[in-house]
Amino acid sequence: MERFATLLVASICTAPLFFFLVSGLVFASNRGLNGDSGLAAAYLGTWGGFLAAFVGFFVVWFLARYYLAENYLRYLQIYDGVALVGWFVLYLNWTSDQPYSLDYSDRRAVLSIEARLPKSFLNGAKIDSLIEFQYIGQDMDEPHPDQIREEGDFVILPWDTTPLDANKWKMRIFVYNKPVDFILNIPRHPQQSTEWSVWTAPVPEQQDGPLPDGVQQNLTIRYRFRLIPYGIQE
């Protein structure tokens, strides 16, 4: 029984490597294909990977049973332990990157954002014609162009959304139709409302590309998360 369990775990833990190897080679060799050719390459990589994993399971079983289990059973069990830990760590990393539902039985989640720009940067343009909000995830947004206000040399545009799921609490603001990303410092699954954050400028390292000219020096946002009981108006 010990030998059987050792072989089974070793085969199961090694089989996915065959999948990633074959599918990775297929995708790499067909990179850049579009349309039907790209779709065919995707199917080939996926199903070829599954076939490779299936074959790999029995190859590992055969090799381990006839060449390793007899004299190297303890080393094989050590491999099993390391492989299980490694796959578990990969699973935790994968799940940490997956969106999760913001489901509160008696309350709804509300994320409030305020974007601030100097009047000199706007140069007479309306702030709501210059910038646009986008929550990274599923949401129901609530623009508030009627609540635009001025504070000293700045113009502030409020915006609310009801986020339906979350991941890394990422917010995107389009300035001149170019994306500017913000990572919000909000708990993974908050259980209570938060206060307004400080005014925060975009960080270049968090962007998918270069920031539009003047944005890092002029655009700031602040945010807060609230849990509001159903039936209560804000």
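Observations on the structure shown:
- Residue under evaluation L157, criteria (1) surrounded by 14 or more Cβ atoms within 10 Å (Cβ to Cβ); (2) over 27 Å from the mean Cα position of the chain (by Cα), criterion not met: (2)
- Every listed requirement among (1) out of contact with any Leu (no Cβ under 6 Å at 6 or more places or on another chain); (2) assigned to a strand (DSSP E or B); (3) not acidic (D, E) is met by T161 save one, (1).
- Residue within the stretch 190-206 that is free of Cβ contacts under 8 Å to residues at least 60 places away in the same chain, out of contact with any helix residue (DSSP H, G or I) (no Cβ under 9 Å at 6 or more places or on another chain) and under 15 Å from E132 (Cα atoms) present: no
- Inside the stretch 166-178, residues that are of a type outside the set (A, V, I, L, M, F, W, C), in a strand (DSSP E or B) and either open to solvent by less than 20 Å² (accessible area, probe 1.4 Å) or under 17 Å from R222 (Cα atoms) (or both) make up a count of 2.
- Selection from the stretch 113-124 of residues that are surrounded by 14 or more Cβ atoms within 10 Å (Cβ to Cβ) and either in a loop (DSSP other than H, G, I, E, B) or at pLDDT below 90 (or both): none
- Scanning the stretch 69-111 for residues that are closer than 30 Å to P163 by Cα and touching a Ser or Thr at 6+ places or on another chain (Cβ under 8 Å) returns R108, A109, V110, L111.
- Residue satisfying all of: in the stretch 125-135; open to solvent by 20 Å² or more (accessible area, probe 1.4 Å) and closer than 14 Å to T161 by Cα; nearest to the chain's Cα centre (by Cα) among these: Q134
The values are calculated or read from the model by the stated rules, or taken from the named source; none is laboratory data. For clarity, every value in this text was computed on a predicted model and none was experimentally measured. Cβ: placed from backbone, ideal geometry, glycine included. Neighbour counts: every protein chain shown. Keep in mind that these areas ignore ligands, DNA and RNA; they rest on the heavy atoms of the full protein, side chains included. Shrake-Rupley method; radii C 1.70, N 1.55, O 1.52, S 1.80 Å.
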